[in-house]
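Here's the structure we're looking at; comments come further down.
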Amino acid sequence: MAQASHTRHEQWSSGLVFILAATGSAVGLGNLWRFPYLVGENGGGAFVLIYLACIVLVGFPIMMAEVMIGRRGRQSPINTLRRVALEEGLSSGWQLVGWLGVAAGFLILSFYSVVGGWALYYALQALVGSFSGISSEGAGAMFRGLVSSPVPVVFWHTVFMLILFGIVVAGVRRGLQRAVTILMPLLFALLILLVLYGMTTGAFGQTLHFMFAPDFSAIDGRTVLTAMGQAFFTLSLGMGAIMVYGAYLPSSEHIPRATGWIVGMDTLTAIIAGLAIFPIVFSAGMAPGAGPGLVFETLPVVFGTIPFGFLLGILFFVLLSVAAITSGISLLEPPVAYLIESTRLGRRGATGLLVGGIWLLGIAAGLSLNVWAGVRIVPGLDANIFGTLEFLANDLMLPLGGLFIALFAAWFMRSASVSEELDLLHHGPVYRLWRVATRFIAPAAVILVFLNATGLFG
Ligand code: PFF
């Protein structure tokens, strides 16, 4: 593998590997667990529409900016921002944006790993045949039984973190490449199969109506903030995960095209996950707003009924775990890269230190679903530790990080450097579109949504 001239890091062997790795980062629990339950909780179609608008107008241009900055700096987000800022004659203080991102990644991985642990637990349940003939009440009870018990929640969170440790220490590339080239398409095929099943339930029309007929009366400032936070979360934006993957991207690859693929595949996966899950929800008479348990309370019912459900159930939850792992890796990689660059720690030491810290915080997140359910850490925010971490990181820190990245790329970097790195003609339409989106639309959207969520507009 080639070593870039001014970096201690490896590079992807091709642009395709980058697309696959970044898609592995983007497609995860955010698409299959979080997106469907947020749609359910936030009234369906209007939420989907706002989410899609955020993806196109905010997420897409910011992803291009992140990859572009990453490839120019070729280091961890913190040192990348520092280097690019200095090269552009700007203040090295821009590295604070990298710190914000690394902090967000730390917080996100702590609760992400708890949910990744649930996926592992469900894979095991599928294997031992627990779904056979299960009713929707039974599946609900199984999920509540899991999250209300501290021991299994902490145990599976620990297993998830250990798996991440093993992969990140062993070198990201080999494991990741295999996971995304073989397993992601398989997951996609399985989701399509579930959508086909959904069409036979008689509730598919209702699902289409729910997901695509917007009812704006269900929307307020907080909903828009949630949709935007989800757009950042699902695309792995605003915290440097995509930036660090961009840092390993060979110079010959065309950033706008690669970004198009990643955003397209991620969005399609989320929509298909919704189309797979809601027919089951409606045909079983369940509530779409059931919350974080939605995927876990619906799919086992199907796997317990359909032919080959036993095998499909195992396959689905194994693949869900894999999708969570490939995203978890990208949450861990920015701080690991930073520690390798800036301390005497090697990859193993850096990973071990971070995994230990995140594991401890994850225990608090896991326990806040049961024994510490009443604990509040942010005054005025009525959420347990899990919900607080999720709110602070996803809804505030990611959009804020994204805002600064957009401002940096479109207002502060020299336009000539940007168009060169993006490999776009300075006066061409694509560059112009990107620039308008990144200069005006994305920052304005983030700022307006923030102001709106504080209740400023009533
Ligand atoms: N995009 C991942 C998902 O949708 O599950 C979650 C994620 C990964 C968020 C990496 C942020 C990140 F940096």
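A few comments on the model shown:
- Looking across segment 95-130, just one residue is open to solvent by less than 10 Å² (accessible area, probe 1.4 Å), more than 16 Å from the chain's Cα centre (by Cα) and farther than 21 Å from I163 by Cα, and that is G98.
- Helices (runs of 4 or more DSSP H) lying entirely in segment 204-285 (those with 3 or more residues that are within 13 Å of the ligand (Cβ to nearest atom)): 221-234, 241-247, 255-283
- Segment 18-27: number of residues that are among the β-branched types (V, I, T) and more than 8 Å from the ligand (Cβ to nearest atom): 2
- In segment 332-345, the residues that are surrounded by fewer than 19 Cβ atoms within 10 Å (Cβ to Cβ) reach residues that are modelled with pLDDT under 90 with C-beta atoms within less than 7 angstrom, at least six apart or across chains, in these pairs: E341/R8.
- Test result for R144, surrounded by fewer than 16 Cβ atoms within 10 Å (Cβ to Cβ) and not hydroxyl-bearing (S, T, Y): yes
- Residue in segment 370-383 that is open to solvent by 30 Å² or more (accessible area, probe 1.4 Å), away from the ligand (no atom under 16 Å from the Cβ) and within 30 Å of L191 (Cα to Cα) present: no
- Top-ranked residue of segment 200-236 - restricted to ones that are among the aliphatic types (A, V, I, L, M) and open to solvent by 20 Å² or more (accessible area, probe 1.4 Å), ranked as nearest to G402 (Cα to Cα): V224
The values are calculated or read from the model by the stated rules, or taken from the named source; none is laboratory data. Values in this document were obtained by computation on a predicted structure and should not be read as measured data. Neighbour counts run over all protein chains shown; Cβ positions are idealised from the backbone, glycine included. These area figures cover heavy atoms from the full protein model, side chains too; ligands, DNA and RNA do not enter into them. Shrake-Rupley method; radii C 1.70, N 1.55, O 1.52, S 1.80 Å.
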